[in-house]
Amino acid sequence: MAVSGTGPLAGVRVVELAGIGPGPFAAMLLADLGADVVRVDRPGGGGLAVDPAYDVTNRNKRSVLIDLKAPDGPDRVLDLVGRADVLIEGFRPGVAERLGVGPADCHARNPKLVYGRMTGWGQDGPLAHTAGHDIAYIAVTGALGMIGNPGEPPAVPANLVGDYAGGSLYLVIGVLAALRHAGAPGGSGQVVDAAIVDGTAHLTAMIHGMMAAGGWQDRRGANLLDGGCPFYGTYETSDGGYMAVGALEQQFYDTFVELLGIEEQAPARKDLARWGELREAVAARFASRTRDEWTAVFEGSDACVAPVLSLGEAPHHPHLAARGTFTDFAGITQPAPAPRFSATPTVITGGPARPGAHTESVARDWGVPGLLGKDA
């Protein structure tokens, strides 16, 4: 596979200490952007035991095997660090230090290194050393409590809001900002403390502003964007499918009620006391036809209505297919790299990295012959 991609981060070298969840996803994003990402896998594997052949978060990367608990393990990682621009780790606070690859160890070898730390709770605070997963992190930030119907348990949004939005993406933003600082005159390496609780809380900034202004109630299903509004939500169709409605602005709402065939209910839009009546009218209309029939009705309009597709259906949506939003690589249908660049296009150059499969090429390309020692 290619040593470095063609994207905007071509030439940037990243060491990823193997983990699960947001760390690998952040490293995948850097690899998609063209960075040469070397994942340091542990002998015997670990984590959630996803078959490496299907772990798309390890695409565009290379892998070496290093046992950090072996006597020469830390030195072999530090040899890589000496040639790297970025390191990403997702251990609990203090673990990297105990293994001999903490920030002080790495910066002693490479003062310009951007050291990215990915955790749920952060590097300090009362819960910093406790275990957790996405659902707990988004729970305490208030994000989970906003999602779902009133009177029902909060709806779990997979691990997208915490792990990937509040975690991975904030780590990547921090790494890119720190890289710019490290490359500036007089700049230096530094530690990026990316905590899922911090990033997820940051995602709720607009909601906190609306709440302070009196435009958001601190409860589920009572607001403009949380399903409380009858023209911003989902409705079941006659075949058990669903349509998503987001006709917030007046002009979009007008088109929506016209195409739905309930223009007589239009005056209820600004009358909160009649929202229940409006919701019933909308639900009854959607229940009269199939998802595909309603999709055809709203196709190409400004009504802001779309079919709710499954993961398997999404790649076949005409718009996503035309844009190549999904791609097939190594026999796996998967999202294509994003975002897109006019001068430095991003591509998938390699499938999921198998643990230890690239030791020889990394040793050669990075000039680190020590990788070829025992247990490599």
Scope the range 108-119; condition open to solvent by 10 Å² or more (accessible area, probe 1.4 Å) and in contact (Cβ under 8 Å) with a residue 24 or more places away in the chain; matching residues
Arg109, Asn110, Pro111, Lys112, Arg117, Thr119
Considering only the range 245-259, state which residues are in contact (Cβ under 8 Å) with a residue 40 or more places away in the chain, closer than 14 Å to Gly233 by Cβ and out of contact with any Gly (no Cβ under 8 Å at 6 or more places or on another chain).
Gly246, Ala247, Leu248, Phe256
Only one of Ala306, Ala353, Ala314 is open to solvent by less than 60 Å² (accessible area, probe 1.4 Å), in contact (Cβ under 8 Å) with a residue 60 or more places away in the chain and either touching a Cys at 6+ places or on another chain (Cβ under 7 Å) or under 30 Å from Arg285 (Cβ atoms) (or both); which?
Ala306
Matching residues in the range 197-217 - criterion: being open to solvent by less than 60 Å² (accessible area, probe 1.4 Å), within 30 Å of Leu127 (Cβ to Cβ) and assigned to a loop (DSSP other than H, G, I, E, B)
Thr204, Trp216
Residue count, the range 18-42, condition in a strand (DSSP E or B) and in contact with a Leu (Cβ under 7 Å, 6 or more places away or on another chain), comes to 4
Any residue in the range 93-104 that is under 16 Å from Leu171 (Cβ atoms), at pLDDT 95 or above and among the hydrophobic types (A, V, I, L, M, F, W, C)?
yes
Residue by residue through the range 127-148, note down the ones that are open to solvent by 30 Å² or more (accessible area, probe 1.4 Å) and in contact with a Phe, Trp or Tyr (Cβ under 6 Å, 6 or more places away or on another chain).
Leu127
Kindly provide the set of residues from the range 207-244 that are farther than 14 Å from Phe286 by Cα and of a type in the set (Asp, Glu), ordered by number.
Asp218, Asp226
Of the residues that make up the range 24-38, is at least one charged (D, E, K, R), in contact with a strand residue (DSSP E or B) (Cβ under 8 Å, 6 or more places away or on another chain) and open to solvent by less than 20 Å² (accessible area, probe 1.4 Å)?
yes
Can you report the number of residues in the range 269-283 which are without any contact (Cβ under 8 Å) to a residue 24 or more places away in the chain and either under 18 Å from Ala303 (Cα atoms) or outside any helix (DSSP H, G or I) (or both)?
3
All but one of (1) touching a helix residue (DSSP H, G or I) at 6+ places or on another chain (Cβ under 9 Å); (2) loosely packed, with under 13 Cβ neighbours inside 10 Å hold for Thr237; state the number of the condition that does not hold.
(2)
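Table: residues versus (1) within 15 Å of Met243 (Cα to Cα); (2) modelled with pLDDT under 95; (3) loosely packed, with under 13 Cβ neighbours inside 10 Å.
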{"position": "Glu258", "(1), (2), (3)": "no, no, no"}
{"position": "Lys270", "(1), (2), (3)": "no, yes, yes"}
{"position": "Ala273", "(1), (2), (3)": "no, yes, yes"}
{"position": "Trp294", "(1), (2), (3)": "yes, no, no"}
Any residue that is touching an Asp or Glu at 6+ places or on another chain (Cβ under 9 Å), open to solvent by 40 Å² or more (accessible area, probe 1.4 Å) and within 16 Å of Leu225 (Cα to Cα) - is there at least one of those in the range 280-287?
no
Filter result for the condition that a residue is touching a residue at least 12 places away in the same chain (Cβ under 8 Å), farther than 30 Å from Pro230 by Cβ and open to solvent by 40 Å² or more (accessible area, probe 1.4 Å), over Val368, Val347
Val347
Within the range 218-229, can one find any residue that is open to solvent by 80 Å² or more (accessible area, probe 1.4 Å) and over 21 Å from the mean Cα position of the chain (by Cα)?
yes
Quick test for you: out of Phe329, Phe298, pick the one residue that is modelled with pLDDT of 95 or more, more than 22 Å from the chain's Cα centre (by Cα), among the hydrophobic types (A, V, I, L, M, F, W, C) and farther than 15 Å from Gly233 by Cα.
Phe298
Looking at the range 80-87, can you tell me whether even one residue there is within 24 Å of Ser361 (Cα to Cα), crowded, with 23+ Cβ neighbours inside 10 Å and out of contact with any helix residue (DSSP H, G or I) (no Cβ under 8 Å at 6 or more places or on another chain)?
yes
Restricting to the range 163-206, give me the number of residues that are in contact (Cβ under 8 Å) with a residue 60 or more places away in the chain and under 16 Å from Asp134 (Cβ atoms).
15
Does Arg59 count as at pLDDT below 95 and at negative phi?
no
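The values are calculated or read from the model by the stated rules, or taken from the named source; none is laboratory data. Remember, it's a predicted structure, so these values are computed and weren't measured experimentally. Don't worry about glycine lacking a Cβ; one is built from the backbone with ideal geometry, like all the others, and counts go over all protein chains shown. Areas reflect the complete protein model, heavy atoms only, side chains present, ligands, DNA and RNA absent. Shrake-Rupley method; radii C 1.70, N 1.55, O 1.52, S 1.80 Å.
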